[in-house]
Amino acid sequence: MSYSYELPFDKLWHGNRLTQGWIVSGTTRFSTGLPVTIMENDDHGLIGDTSTGPNGNTVDEPVFTPGKLLQETDPRKGGLYFNKSLFSPEPIGQIGNSPRRFFHGPGINNWDMALLKDLRLTESKSLQFRGEFFNAFNHAQFNTPNGNFLNTAFGTVTSAGAPRIGQVALKFIF
């Protein structure tokens, strides 16, 4: 969602150069996370599938036991995103039953906002003061958790998007 709203300061107080031209604008995004790719980087299935899967990995999957998959822990504190105890190694000579991508990682809740002040100099020229914030509310934007069964980080989120970033600018419009 994109938006732009001119603040009504000139209606609350007498309209003058100080109270006119204040604008709040932004872009807000909410979305589900990307699918978590479950894989087991070995050839326990003995089908000779080395380097044929995503990212040059094998296409083997671990064995999945149904149960409560998503954890209640906070990824910021090093907790698991999903319950890795539901996964076990595939037996030698057999294919694992885990679906490749059957649940999503953390979603996105992002607010990029700006506060602008237009100062009209002449009919065709103006000066614009801008204060912009990306991820304005500093909400953690976690990346997809590790889905490689043989990796020690399996089930954990190991990275996140950028924190709040702010910048100010002065723009001459003619």
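Read-outs throughout are calculated quantities, based only on the coordinates presented, and are distinct from any laboratory measurement. The structure presented is a predicted model; accordingly, all values stated were derived computationally and were not measured. We place every Cβ from the backbone using ideal geometry, glycine too, and count neighbours over all the protein chains shown.
A few notes on this one:
- Subtracting the Cα-Cα distance of Val24 and Ala160 from their residue separation scaled by 0.36 nm leaves 46.2 nm.
- Extended-chain gain in nm, criterion 0.36 nm per residue less alpha-carbon gap, Arg17 and Phe129: 39.0 nm
- Normalising the average separation of contacting C-alpha pairs (under 8 angstrom, six or more residues apart) by the number of residues puts the relative contact order of the chain at 24 percent.
- By the count of other C-beta atoms within 10 Å, a proxy for reagent exposure, Met113, Met39 are ordered fewest to most as Met113, Met39.
- Count Lys and Arg as plus one, Asp and Glu as minus one, and take only other residues whose Cβ is under 9 Å from that of Ile173; the net charge is then +1.
- Listed from fewest to most Cβ neighbours within 10 Å, the set Glu90, Glu6 follows the order Glu6, Glu90.
- Cα-projected label distance for Phe9 with Asn97, points at 7 Å along beta-carbon direction, nm: 6.5 nm
- Projecting label points 7 angstrom from Cα along Cα→Cβ for Gln71 and Asn83 puts them 1.3 nm apart.
- Given charges at Cβ of Lys, Arg, Asp, Glu: the chain dipole, positive-most of Gln128, Ser31, Thr65: Gln128
- Net charge of neighbours whose Cβ lies under 14 Å from the Cβ of Ser88, counting Lys and Arg as +1 and Asp and Glu as -1: -4
- Alpha carbon Rg of the stretch 2-173, scaled by the compact-globule rule 2.2 N^0.38 Å: 1.62
- Viscosity 1.002 mPa s, temperature 20 °C, Stokes-Einstein D of the stretch 74-171 from Kirkwood C-alpha radius, µm²/s: 123 µm²/s
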